[in-house]
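Peer 1: I'd like to ask you about the structure that follows.
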Amino acid sequence: MKKKICALFFVFMMLSASVYCQYYAEGRAEAVYKGTTADRTLDELYDETLQIARSTGCRLSTVSKLSKRANRLLWKALDQYDYAAGELYCVLIYEGAGAVALLNLCVCITADGGCDWEGFYAVP
């Protein structure tokens, strides 16, 4: 049941934008455009997403560093968009067989073409 609730959270989060879910050799990832920093800050987007995730009953743990695999999947998911500085995205990276854990990253594209991010794992 918790798996279903956790899955519903991520479906709910994605309803406001089109989703490009891609399968790669490293795994599966999808990115969703969430507006610009003129609308809200990265911290506000992260807090909104975290609040929704808490309401699902999933176990949550914050992420302080990305693995090489997660970093590759992050950029592959973002490559589906013609992104620009100041844009915000939610990127979901499915970890493990059958998407046991979901890595949720809230991302802000920086002026130098990189990104700032905040993220957490959600485990049913």
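Peer 1: With a 1.4 Å probe and every protein chain left in place, tell me how much accessible area Lys34 has, in Å² to the nearest 10.
Peer 2: So the heavy atoms of Lys34 present about 30 Å² to solvent.
Peer 1: Also, quick follow-up: Could you derive backbone 3J(HN,Hα) for the range 116-121 from the dihedral phi with the Karplus parameters 6.51, -1.76 and 1.60 (θ = phi - 60°), listing whole Hz in sequence and x where the residue is Gly or Pro?
Peer 2: Once θ is set to phi - 60°, the couplings for the range 116-121 become 9, 8, 9, x, 8, 9 Hz.
Peer 1: By how many nm would the segment from Asp116 to Arg28 grow when fully extended, if each residue of separation counts as 0.36 nm and the alpha-carbon distance is taken off?
Peer 2: 29.6 nm
Peer 1: Based on the Cβ-Cβ distance of Ala85 and Gln51, what FRET efficiency does E = 1/(1 + (r/R0)^6) give at R0 = 41 Å, to the nearest 0.05?
Peer 2: Between Ala85 and Gln51 the formula returns 0.95.
Peer 1: Run the accessible area of the range 29-85 with a 1.4 Å probe and give the carbon-and-sulfur part as a rounded percent.
Peer 2: 46
Peer 1: For the pair Ser67 and Glu44, what calculated FRET efficiency results from E = 1/(1 + (r/R0)^6), where r is the Cβ-Cβ distance and R0 = 30 Å, to the nearest 0.05?
Peer 2: My answer for the efficiency is 0.70.
Peer 1: Could you derive backbone 3J(HN,Hα) for the range 68-77 from the dihedral phi with the Karplus parameters 6.51, -1.76 and 1.60 (θ = phi - 60°), listing whole Hz in sequence and x where the residue is Gly or Pro?
Peer 2: Once θ is set to phi - 60°, the couplings for the range 68-77 become 4, 4, 5, 5, 4, 5, 4, 6, 5, 5 Hz.
Peer 1: For Val63, what residues show an amide H to amide H distance below 5 Å, using hydrogens built from the backbone and excluding near sequence neighbours?
Peer 2: Those qualifying (amide H under 5 Å, at least 5 residues apart or on another chain) are Gly119, Phe120, Tyr121.
Peer 1: Still on this model: From the backbone phi of the range 53-65, what are the Karplus-calculated ³J(HN,Hα) couplings (6.51 cos²θ - 1.76 cosθ + 1.60, θ = phi - 60°) in whole Hz, Gly and Pro given as x?
Peer 2: These are the phi-based 3J(HN,Hα) values: 4, 4, 6, 7, x, 6, 6, 10, 9, 6, 10, 10, 8 Hz.
The values are calculated or read from the model by the stated rules, or taken from the named source; none is laboratory data. Keep in mind that what you see is a predicted model, and the values were worked out from it rather than measured. All Cβ positions, glycine included, derive from the backbone under ideal geometry; neighbour counts span all protein chains shown. Note: accessible area is taken over every heavy atom of the protein model, side chains too, but ligands, DNA and RNA are not part of it. Shrake-Rupley method; radii C 1.70, N 1.55, O 1.52, S 1.80 Å.
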